[in-house]
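**Student:** Have a look at this one.
Each reported figure results from applying straightforward, stated rules to the coordinates on display, with no laboratory input. As the structure is a prediction and not an experimental result, all values here were calculated from the model. Glycine gets a Cβ as well: all are built from the backbone with ideal geometry, and neighbour counts include every protein chain shown.
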Amino acid sequence: METGLVFSSHGSALYWHVPPDRSGGALPDSRDLWEVLWTNREILGGVAHTHPWNGEAHPSQTDVTTFAAVEAGLGERLVWPIVTFSVVGYFTWVGPGRLDYGELERRRFRLNRDDIERLRDLSR
């Protein structure tokens, strides 16, 4: 099951997004999630979510349109980690197009290892 984590600009966990209607291929948004994002917009670092399988981490088309919509609503650029059972990819807008997201160098930002493992555990 896909699972989400909203985190601060320092990487601290702010909100675990585990909606009851999630699946192995979808993580629905919610009003609660948006309120967390909006309330924390001044300290927000990004939103991680899982792709619950082994292998490379790459955003789907649904992912990048969601990234762009959230950033447009907040007026802020974020980091968008994608966590698989074997890899973590960190994505951010690279431009120039609205949906041009690329992988961020891992040394520039990392999630807490315990949070990565919790994301994986909640996705099994």
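**Student:** Farther than 15 Å from Ala57 by Cβ and either surrounded by 14 or more Cβ atoms within 10 Å (Cβ to Cβ) or in contact (Cβ under 8 Å) with a residue 40 or more places away in the chain (or both): which single residue out of Leu122, Leu99, Leu104 fits that description?
**Tutor:** Every option except Leu122 fails the conditions.
**Student:** Sticking with this one: What about Val64, is it touching a residue at least 24 places away in the same chain (Cβ under 8 Å), within 16 Å of Met1 (Cα to Cα) and of a type in the set (A, V, I, L, M)?
**Tutor:** Spelling it out, it is not the case that Val64 is touching a residue at least 24 places away in the same chain (Cβ under 8 Å), within 16 Å of Met1 (Cα to Cα) and of a type in the set (A, V, I, L, M).
**Student:** Would you be able to say whether some residue in region 70-89 is among the aromatic types (Phe, Trp, Tyr), part of a strand (DSSP E or B), touching a strand residue (DSSP E or B) at 6+ places or on another chain (Cβ under 8 Å) and more than 15 Å from Glu117 (Cα to Cα)?
**Tutor:** So far as region 70-89 goes, yes, one or more of its residues are among the aromatic types (Phe, Trp, Tyr), part of a strand (DSSP E or B), touching a strand residue (DSSP E or B) at 6+ places or on another chain (Cβ under 8 Å) and more than 15 Å from Glu117 (Cα to Cα).
**Student:** Can you pull out the residues in region 27-56 that are touching a Pro at 6+ places or on another chain (Cβ under 9 Å) and either part of a strand (DSSP E or B) or acidic (Asp, Glu) (or both)?
**Tutor:** Of everything in region 27-56, those that are touching a Pro at 6+ places or on another chain (Cβ under 9 Å) and either part of a strand (DSSP E or B) or acidic (Asp, Glu) (or both) turn out to be Asp29, Asp32, Gly46, Val47, Ala48, His49.
**Student:** All but one of (1) without any contact (Cβ under 8 Å) to a residue 40 or more places away in the chain; (2) part of a loop (DSSP other than H, G, I, E, B) hold for Pro59; state the number of the condition that does not hold.
**Tutor:** Single failed check for Pro59: (1).
**Student:** Of everything in region 35-53, what is more than 21 Å from Val87 (Cα to Cα) and touching a residue at least 24 places away in the same chain (Cβ under 8 Å)? Give them in sequence order.
**Tutor:** Val36, Leu37, Trp38, Asn40, Arg41, Ile43, Leu44
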